[in-house]
Amino acid sequence: MTRKPLQGVVNIIRFNWHFYVIALIVVITILFFRKFFPSGLLAIIDLILSLAVLSILVSLAISYYIYDHSNIYSLDFLKELSITKDKKLVNINAGFDEISHILKHKYPDSELAVLDFYDPLKHTEVSIERARKAYPPYPGTITIETNNVPLTDNSSDYIFLILAAHEIRNNDERVRFFKQLGDSLTAGGRIIVVEHQRDIFNFIAYNFGFFHFLSPATWRYTFDNAGLIIESTSKLTPFLKIFILKKNGTSS
């Protein structure tokens, strides 16, 4: 599936335009009143303004690199899994799904189930609401609750959670969720998780917004307590990490 040029970074601005409008108003207001500040403070004010503008520009540039220049949406990083025909694929999202159409195009002979755990009472970010209006759900998408995933045991070959699982903010809830996913895996099944990390790279990219992501230790805690084994990890750009998971007791 072909994405439009700059689609990723345009979506970020489109779904979070209020943030950029507020930032612009603040910058313009400070510039307007700058002449009224004591001369001794001007250098500090100019430095703060420069850092604020630079932070926004760096964030957009890195977002372009991640969402428009990397291979996240080509799914080329799945080649090592050698997904064959007639496999049961499950894609799980948190209200914004850009992956299901790509999966179906890439693996047309596989069965694809799409689950959406978006809960408007928990996921109150206005950006998700705007994204849902702009991108209708994949046909046949099933709305689920994280504590009741409608997958039977030993039924799923590959489960995908791409930039979604971090939206489950409660640790116990996240562990129970992944435990259900593990139970649904076939003997050779795998869970593929792609996430930003709460690390120095994402701090550089998103400043204090990196607190919305989970730390590497939190992900390890989640997988360990859900009875899952991290088979491998890799980096999809310095800002995204891929976890390939299998359930405990299965061979490679």
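Descriptive notes on the structure:
- The stretch 150-172 - residue that is under 13 Å from T222 (Cβ atoms) and surrounded by fewer than 19 Cβ atoms within 10 Å (Cβ to Cβ) and, of those, modelled with the lowest pLDDT: R169
- Number of the condition not met by R220 [criteria: (1) closer than 26 Å to E80 by Cα; (2) touching a Ser or Thr at 6+ places or on another chain (Cβ under 7 Å); (3) charged (D, E, K, R)]: (2)
- Filtered residues of the stretch 81-92 (kept if in contact (Cβ under 8 Å) with a residue 12 or more places away in the chain and either part of a helix (DSSP H, G or I) or open to solvent by 10 Å² or more (accessible area, probe 1.4 Å) (or both)): L81, I83, K85, D86, K87, K88
- When each of I159, I192, I229, I244 is tested for being in contact with a strand residue (DSSP E or B) (Cβ under 6 Å, 6 or more places away or on another chain), free of Cβ contacts under 8 Å to residues at least 24 places away in the same chain and more than 27 Å from L57 (Cβ to Cβ), the lone residue that passes is I229.
- Search result, residues across the stretch 204-218 that are more than 11 Å from R169 (Cα to Cα), within 14 Å of the chain's Cα centre (by Cα) and open to solvent by less than 40 Å² (accessible area, probe 1.4 Å): G209, F210, S215
- Count of the stretch 119-137 residues which are open to solvent by less than 30 Å² (accessible area, probe 1.4 Å) and in a loop (DSSP other than H, G, I, E, B): 1
- Test: residue in the stretch 138-149 that is open to solvent by 30 Å² or more (accessible area, probe 1.4 Å), touching a residue at least 24 places away in the same chain (Cβ under 8 Å), within 20 Å of E125 (Cβ to Cβ) and in contact with a strand residue (DSSP E or B) (Cβ under 6 Å, 6 or more places away or on another chain): yes
- Flag for F201 being of a type in the set (F, W, Y), exposed (fewer than 15 other Cβ atoms within 10 Å of the Cβ) and either farther than 25 Å from Y158 by Cβ or in contact with a Ser or Thr (Cβ under 9 Å, 6 or more places away or on another chain) (or both): no
- Residues within the stretch 160-172 that are in a helix (DSSP H, G or I), over 8 Å from the mean Cα position of the chain (by Cα) and under 17 Å from F213 (Cβ atoms), tallied: 2
The values are calculated or read from the model by the stated rules, or taken from the named source; none is laboratory data. Here the structure is a predicted model, which means the values were calculated and not measured. Note that we place each Cβ from the backbone using ideal geometry, even for glycine, and neighbour counts take in every protein chain shown. Note: accessible area is taken over every heavy atom of the protein model, side chains too, but ligands, DNA and RNA are not part of it. Shrake-Rupley method; radii C 1.70, N 1.55, O 1.52, S 1.80 Å.
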